[in-house]
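The values are calculated or read from the model by the stated rules, or taken from the named source; none is laboratory data. Here the structure is a predicted model, which is why all the values come from computation and not from measurement. Note that we place each Cβ from the backbone using ideal geometry, even for glycine, and neighbour counts take in every protein chain shown. Note: accessible area is taken over every heavy atom of the protein model, side chains too, but ligands, DNA and RNA are not part of it. Shrake-Rupley method; radii C 1.70, N 1.55, O 1.52, S 1.80 Å.
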Amino acid sequence: MIQLIRGFKDILPGEVELWQAIEKIARALLEDFGFKEIRIPIMERTELFARSIGEDTDIVEKEMYTFPDRKGDLITLRPEATASVVRAYLQHRLYAPDPVQKYYTIGPMFRRERPQKGRYRQFYQINAEVLGVASPLIDVQLIFILVALCAKLAITDINAHINSLGCPDCRPRYREALTGFLASIAAELCADCRRRRVRNPLRVLDCKVPSCREAMGEAPSIIDSLCDECQRDFETVQAALQDLKIPFRVDKRLVRGLDYYARTTFEIQTGSLGAQSAVAGGGRYDGLVKLLGGPDLPGTGFAIGFDRLTEIAGLNAADLLPKPKVFIAALGERSRALAFKWNCRLGLQGLRVEMDLGDKSLKSQMKRADRLGAGYVLIVGDKELEDGTALLRNMQSKAQVAIPIEGIVAKVKEVVTAANSRP
Ligand code: HAM
């Protein structure tokens, strides 16, 4: 039997209802905050990601699914969405009528990481991107939305971590100080970090290898090197978070795995996911629009790990499973032919209807209705046909009423809808 590719997964009925419920809540929340949906392709030219995320990042160096298409152009399955959203913003000149745009997009991303709980090679993200807003208050609003979403999903074990990565004015100074420090502890670093030390020293800060973490204990902090403007922004962010009563932690090691960030970065972390603690991550990427050939406009945003959300959401998937409102149990060929028409028409009326098209006994049909959790069973057989009625049984109260076959669709709809609208 042919099996799934490692790190990929199926989301089966029974699980998918939770995904749908979360998506619905997330969409409504983002739309309430003025975000509009944008849909972007799953593949882009490799160059887009290499330039935006950075050549020396783990994602670009070793995690992208990149291959030449039949003409030899290098294309990549998107490892993230920000680069594509910015590309679309530029390509369609979406900034021309108004540079301030807020977009959200939901879909699969691909990274060839080592699979484990909470980490997949095809995973899903809910992304929000704000273009054209320089105020650090928008970063606070993004964190506020993330915290609110977690609350709506009954996720309690979360912490907001924030950091500032400085700007092109102050970061080089920090980089120099850090590089000097890293040279002094080079012998204690893992092989990856010894390489990173020269090519991308900031990345050493978030290495998870215990010996590196220990060696980095005394590393200089970027927050001590911020220029006045970055410092002021970072203070604004902290004051506004306090004002909104959002608990947060300043995490000097939060450098994120993508090179486009500047100034405020943040993550929502949880203790409920084992090694994969980040439920969502984001930050400001002010230089990216320009880097990709556009005007000098600021940007900021976040991506939520959708898979991880489903793993920690406090919603109960079983409660979300759609249950048929009506199950039609027909006995005999004539009844079945008639019931089949009712099935089609009731379905069109928006009632969730199920029926058994085979030749099963009433007992076995009732059993199936029960298993599916049907609210009502509409029973029709030769006797009912003769009487010109069918029986509608309320599966909860067990009460049964006879309904005339003439005008049955409207009547069933009326009874079921009235019952559903009762508090
Ligand atoms: P990221 O931190 O690389 O940021 O990913 C965001 C979230 O996606 C992570 O916090 C995690 O929950 C989830 N995630 C990442 N990799 C995996 C994986 N292999 N399996 C399951 N979940 C995963 C970005 O992607 C940025 N584009 C976020 C952003 C948007 N920054 C500004 N705008």
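Details
- Projecting the Cα atoms of 374, 101, 182 onto the dipole axis of the chain, where Lys and Arg carry +1 and Asp and Glu carry -1 at the beta carbon, places 374 farthest toward the positive end.
- Loop-located trypsin sites (Lys or Arg not before Pro) in the range 113-193 whose Cβ has at most 16 other Cβ within 10 Å (DSSP): 117
- Tail beyond 17 Å, pair distance distribution of the range 218-268 (Cα, percent): 41 percent
- Exposure rank, largest accessible area first [161, 92; 1.4 Å]: 92, 161
- The Cα trace of the range 353-423 gives Rg and Dmax of 12.3, 37 Å, the first to one decimal, the second as a whole number.
- Estimated D of the range 278-359 in µm² per second, where Rh is the Kirkwood radius over Cα pairs and Stokes-Einstein applies at 10 °C, 1.306 mPa s: 89 µm²/s
- Solvent exposure of the chain amounts to 50 Å² per residue of accessible area, where only protein heavy atoms count and the probe is 1.4 Å.
- Pairs of Cα atoms farther than 13 Å apart, the range 147-191, %: 71 percent
- Ligands, DNA and RNA left out, the accessible area of the range 250-304 computed with a 1.4 Å probe is 49% carbon and sulfur.
- Note on the range 99-231: Rg/Rh from C-alpha atoms, Kirkwood Rh, equals 1.01.
- When the Cα atoms of the range 1-126 are aligned to their principal axes, the ranges along those axes come out at 53, 41, 27 Å in descending order.
- Carbon-plus-sulfur accessible fraction, the range 1-151 (probe radius 1.4 Å, protein heavy atoms only): 55%.
- Here, the range 235-321 yields an orientationally averaged convex hull projection of 8.4 nm² when only Cα atoms define the hull.
- Per DSSP, loop chymotrypsin sites (Phe, Trp or Tyr not before Pro) in the range 212-314 with at most 16 further Cβ within 10 Å: none
- Kirkwood-Stokes translational diffusion coefficient of the range 277-423, alpha-carbon pairs, 37 °C, 0.692 mPa s, µm²/s: 175 µm²/s
- Cross-link pairs exceeding 24 Å between alpha carbons, from the set 36/245; 24/102; 117/252; 9/62; 325/367: 36/245; 117/252.
- Along its three principal directions, the equivalent ellipsoid of the range 20-88 from the Cα gyration tensor extends over semi-axes of 29, 13, 12 Å, largest first.
- Values of log10 I(q)/I(0) for the chain across q = 0.06, 0.11, 0.14 Å⁻¹ run -0.37, -0.88, -1.22, by the Debye formula with one identical scatterer at each alpha carbon and no solvent.
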